[in-house]
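J.: I am attaching a structure below and will ask some questions about it afterwards.
Readers should treat all values here as calculations from the given coordinates under stated rules, not as data from a laboratory. Keep in mind that this is a model prediction, so the values were computed, not measured. With ideal geometry, Cβ positions are generated from the backbone for all residues, glycine too; neighbour counts draw on all protein chains shown.
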Amino acid sequence: MTGLSLMTVGKAADALFAAGILDEERQSRKGSKTGRLAGMLTLRDSLYTVIIFADNPPSAVITDIYNKAIDRFTLTTAKAESYDETLFYFGHDLSLYLQNNYEYGSCIGVSVISDITDMPPDYIRNIIGSALMTEVSSVCTKLTAALIYIRQKYGSDVLYISIDIPLRCIRLVSDDQYVGEIPISRMALSTDGRSLMSLLSDKCPKDEQWKLLAYSVYNILLITGCGTVVLDSEHSVQRKNKILFRNTLNELLLPELCVDTVFAESKAGYALLGAAYAAREDWIRRISY
């Protein structure tokens, strides 16, 4: 399958085992056979990644080697006078927590998700790195982190839309370019020629807003031609609204057009998975040298 000889594969496995990346489960010997017994090799379960959300207050999520969230950590000390100090103290508390609860040397990477505009990524990297006494793999925005995972999972033919609940605007990413924030009414104006600004008022029925969003996405699809639409929300979307959106969009699309619609719902959306994926890929590059 690999095109490599058994000896080469064995040497590579031995190197990964010696580096603490693989665990080996030896089989029990039966009979009087001699020689080295075969063993089942698996990734070490204790390996983990730390994803820090530079919010106010900051928080962290620990993910396993398969990018699944296994633990969470929040600020335990009082806030400092400046956010810089708060972030450093948070990193210090997090470092102690990891030392007391996780195996030494099992952290494969640290990623930071930050939407703070007045703190450069390198500055945040230095603060977190100094507090944790380790190198930070990446510092990126929630949108960029989500896009990392979206591209890895769905490929390049995808339109990623981050939606706010209640619906006010959409943030678009297509072809690795951030299009920007567009009021959903502006994108829907050309659909039927009517002014739809009133649909954004507090008195507007929720189902009308979801229809409006479907019109907006339809217009964007006519321009981009993407085959997959991913809608990312920090809050749960009711099932009836999902059905309404999909049905409205499918009625607008031509019969020969087929678009997959995916709803991603969690506090961090796909940003957590993207940051964890970036940290793991950085770790794989480092151990490959």
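J.: If each residue of separation counts as 0.36 nm, what is the full-extension length gain between Arg286 and Asp55 once their alpha-carbon separation is subtracted?
T.: Here the segment from Arg286 to Asp55 would lengthen by 80.3 nm.
J.: Take Ile163, Ile223 and order them by how many other Cβ atoms sit within 10 Å, fewest up front.
T.: Ile223, Ile163
J.: Using R₀ = 41 Å, calculate the FRET efficiency as 1/(1 + (r/R₀)^6) where r is the Cβ-Cβ separation of Val262 and Asp122; round to 0.05.
T.: Rounded to the nearest 0.05, the efficiency is 0.75.
J.: Based on other C-beta atoms within 10 Å, arrange Val262, Val229 from fewest to most.
T.: Ascending number of Cβ neighbours within 10 Å: Val262, Val229.
J.: Turning to a different aspect of this structure: Give, as ranges by residue number, the residues of region 105-120 whose backbone N falls under 17 Å from the point 7 Å along Cα→Cβ of Ser130.
T.: Zone members listed by number: 119-120.
J.: Multiply the residue separation of Arg151 and Ser106 by 0.36 nm, subtract the distance between their alpha-carbon atoms, and state the gained length in nm to one decimal.
T.: 13.4 nm
J.: Quote to one decimal, in nm, the extra length available between Glu85 and Leu253 on full extension: 0.36 nm per residue of separation minus the C-alpha distance between them.
T.: Going from the current span to full extension adds 55.3 nm.
J.: Please list, in order along region 52-61, the HN-Hα scalar couplings obtained from phi with the Karplus expression 6.51 cos²θ - 1.76 cosθ + 1.60 (θ = phi - 60°), rounded to whole Hz, x for Gly and Pro.
T.: 9, 9, 7, 9, 10, x, x, 8, 9, 10
J.: For a distance above 15 Å, tell me the whole-number percent of Cα pairs in region 48-140 that qualify. Walk me through the numbers before you get to the answer.
T.: Working: 2339 of 4278 pairs.
Every Cα pair in region 48-140 considered, those over 15 Å come to 55 percent.
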